[in-house]
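Read-outs: derived from the displayed coordinates by stated rules, not from any lab. Every value quoted in this text rests on a predicted model; they were computed, and no experiment measured them. Because the Cβ atoms are built from the backbone with ideal geometry, glycine has one as well, and the counts that use them run over all protein chains shown.
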Amino acid sequence: MKKYLTAYSIALQETLQRRWTLLMDRVGGFAVVLSLYSFWNVLLGDKATFLGYTRPEMLTYVLIINVLRSFVFTGRGWLLVGEISSGRVSSYLVRPLRYEGYALALDLAQKTVHVGSAFLEIGLLVLIVRGGVFVPRDPAAWALFALAAAMASLIFFFLEFAVSTLAFWTSESGGPLFCFELFLQFAAGAFFPLDVLPEGLRRLLSATPFPYMVYFPARVLLQKIPPQEAVRMLAGESAWLAAAAAVAAAAWNRGLLSYAAEGG
Amino acid sequence: MSGEIRRYARLWARTASMSMQAQLTYRLGSAGFLIGKVVRLVFFFAFVAAVFDHVQTVAGYTLLETALFFLTFNIVDMIAQVFFRGVYNARRTVNEGDFDFYLIQPCSPLLRMVCSSVDALDVITLFPVLAMTAVVLHRLPPLGFARGVLYAALTLNAVALVFAVHVAVAALTVRTQELENAIWIYRDVMFMGRFPVDVYAAPVRWALTFGVPIAVMTSFPAKAFLGLLSPAWIAYAFALSAAALAASLAYWRASVARYTSSSS
């Protein structure tokens, strides 16, 4: 465990050291949130609710998107693709560590910094927007949200990890990874609440793990889901997490069997 | 002069052909990227269409008018991707010493760096977007030939402005050999151009018109077509592009003059 904590600590320092890269990443993310907020704000107009969301609820959804995008969708998939394709992954295979654990430690370091920044941006947005935000009073809502978000982050990590391992078999795995990440963000509700979609499409998406990544945690925080129902859905999310972890492990192990490297 | 243009057109066609052939060699990767781009386009369209199931107008614009804004954004963005893709590799070009070779070749190093790489997938996705724009323009009430010409002129003006941004980023890379994310921050901020600029609050609208002129790039052409842009704003758009082009080219020349080679 200590070696993974060391990896986490070093990665955290590295991320904080690259200040311009971090700042630019955050400015880009802030632009996305600002445009989504503005769009929803116009849609709400003088209406009391839109799609069942009051103005504070919708604003909170947009702000939560910012946090969840930073916490869930900050991954290392592209680096893994590069490491496998270039053979750099060999140097990890001979070290006394599990690559998945090492990657997760680095991933967590990146998430730590980005989530911290996301909260700062939220503070800024709350100051400049009108209408206020929805703050749940029930501590259970916060606890369920934290649990849902943590599992969402792990599901994304394992799914992205599994897709990235395609690099073991083909040098063209960047395309599928790009497609996967884009589809995932829309299907997860990272741009807009899935309530806006037609009923049929929403039902289809609910049969996948994607809505658990943003839409579900955000609705839990907004107390749009009764606690008992939320607990039942958390059980479903944990089943998806177990499945994603199993798929990632199987893909990694099979990939290693077909992996060959020359030189050093 | 015309001989020079022909020479550069031939050079661009050759390098573009080579880069497209290289891209199409990777079928799985290209298919993934292509599907990803289509998914992004379709999901945003579905989102906008779904929103109009619940409202009549957004910021005073009907579905067709909002679609025109969104399509104009896509046209400008995709043309930039098709013609100015080389900037995405600018840092690598400088750091690996390839820029030194550009400097000794008998052609403009700026065009070699900015325009010699073409994203074939954006060429493929550009055609349906152009077709959809034609359908939307046709279905809007007849607004006259002059409006159509103005729309085309302001769209080309927007492309010139985007070119100025890409030249500035290329110059920044030559000067600093860093800021690999500079072009990505532009991409993220461009996200705000997906919606009509009128959805934003006044200070943001001001910033998008005079600071980071995303509004001039994406909203002005559609507004001019709809007859919502005064002659003064039209003149401002052309003057801004001319000034931005002159400034970015001057910055490029200054950066190249200070360049002392960073590799090779």
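Here the Kirkwood formula puts the hydrodynamic radius of region A:96-249 at 17.2 Å, using every distinct Cα pair. If R0 is taken as 22 Å, the Cβ-Cβ distance between residue A:249 and residue A:90 corresponds to a FRET efficiency of 0.65. Remark: the Cα gyration tensor places region B:149-206 in the oblate category, a/c being 1.5 or greater and a/b not exceeding b/c.
Summing Cβ point charges (Lys, Arg +1; Asp, Glu -1) relative to the Cα centre of the protein assembly as shown gives a dipole of roughly 440 debye. When +1 charges are put on Lys and Arg Cβ atoms and -1 charges on Asp and Glu Cβ atoms, the dipole computed for chain B relative to its Cα centre reaches about 420 debye.
Among the residues of B:198-206, the average count of other protein chain beta-carbon atoms within 10 Å of the residue beta-carbon is 4. Footprinting exposure proxy ranking of B:18, A:151, B:217, fewest other C-beta atoms within 10 angstrom first, gives B:18, A:151, B:217. Placing pseudo-labels 7 Å out from each Cα toward the beta carbon at residue B:239 and residue A:261 gives an inter-label distance of 6.0 nm. Counting Cα-Cα pairs of the protein assembly as shown in 20 Å increments starting at 0 gives whole-percent bin shares of 19, 54, 25, 1. Helix A:99-128 and the longest principal axis of the Cα set of chain A meet at an angle near 20°.
Take the alpha-carbon centre of region B:90-143, take the same for region A:34-99, and report the distance between them in whole Å. Centre-to-centre (Cα) distance: 28 Å. Sorted ascending by nearby beta carbons within 10 Å, beginning with the fewest, B:121, B:208, A:12 become A:12, B:208, B:121. Projecting the Cα positions of B:195, B:151, B:172 onto the charge dipole of region B:143-213 (unit charges on Cβ atoms of Lys, Arg, Asp and Glu, taken about the Cα centre) puts B:151 furthest along the positive direction. Could you tell me whether region A:163-229 comes out rounded, prolate or oblate from its Cα gyration tensor? Rule is a ≥ b ≥ c as square roots of the eigenvalues, rounded for a/c under 1.5, then prolate if a/b exceeds b/c, otherwise oblate. Because a/c hits 1.5 or more and a/b exceeds b/c, region A:163-229 counts as prolate. In terms of Cα atoms, the Rg and Dmax of region B:1-150 work out to 19.4, 60 Å. Using R₀ = 22 Å, calculate the FRET efficiency as 1/(1 + (r/R₀)^6) where r is the Cβ-Cβ separation of residue A:135 and residue A:14; round to 0.05. Result of the calculation: an efficiency of 0.05. Listed cross-link partners A:2/A:111; A:47/A:224; A:47/B:37; A:111/A:224; A:224/B:223 are compared with a 28 Å cut-off, the Cα-Cα value being larger for A:47/B:37; A:224/B:223. Principal axis analysis of the Cα atoms in chain B yields extents of 60, 44, 36 Å, listed in decreasing size. Tell me the angle of helix A:227-258 to the major Cα principal axis of chain A, expressed in degrees between 0 and 90 and rounded to the nearest ten. The angle comes out near 20 degrees. Here the convex hull built on the C-alpha positions of region A:1-158 has a volume of 140 cubic angstrom per residue. Estimated from helices alone, the mean residue ellipticity of chain B at 222 nm is -24500 deg cm²/dmol (sum of -39500 (n - 2.57) over DSSP H runs with n ≥ 4, per residue). Could you tell me whether chain A comes out rounded, prolate or oblate from its Cα gyration tensor? Rule is a ≥ b ≥ c as square roots of the eigenvalues, rounded for a/c under 1.5, then prolate if a/b exceeds b/c, otherwise oblate. In terms of gyration-tensor shape, prolate. Here is what passes the span test in chain B: the DSSP H helices with alpha carbon length of 15 Å or more along the helix axis and a Kyte-Doolittle mean of -1.0 or above are B:2-25, B:27-51, B:63-83, B:120-139, B:145-176, B:214-225, B:231-258. Remark on residue B:116: its backbone amide H falls under 5 Å from those of B:86, a criterion applied only to residues 5 or more positions apart or on other chains, H modelled at 1.01 Å from N. Taking the Cα atoms only, what angle lies between the long axis of helix A:139-164 and the longest principal axis of chain A, rounded to 10 degrees? Around 40 degrees separate the two axes. Only DSSP H runs of four or more residues enter the estimate; each adds -39500 (n - 2.57), and after division by the residues of chain A the mean residue ellipticity at 222 nm equals -24500 deg cm²/dmol. In terms of surrounding Cβ atoms within a 10 Å radius of their Cβ, B:233, B:252 rank from fewest to most as B:233, B:252.
Note on A:29-39: average number of Cβ atoms from other chains within 10 Å of each residue's Cβ is 6.
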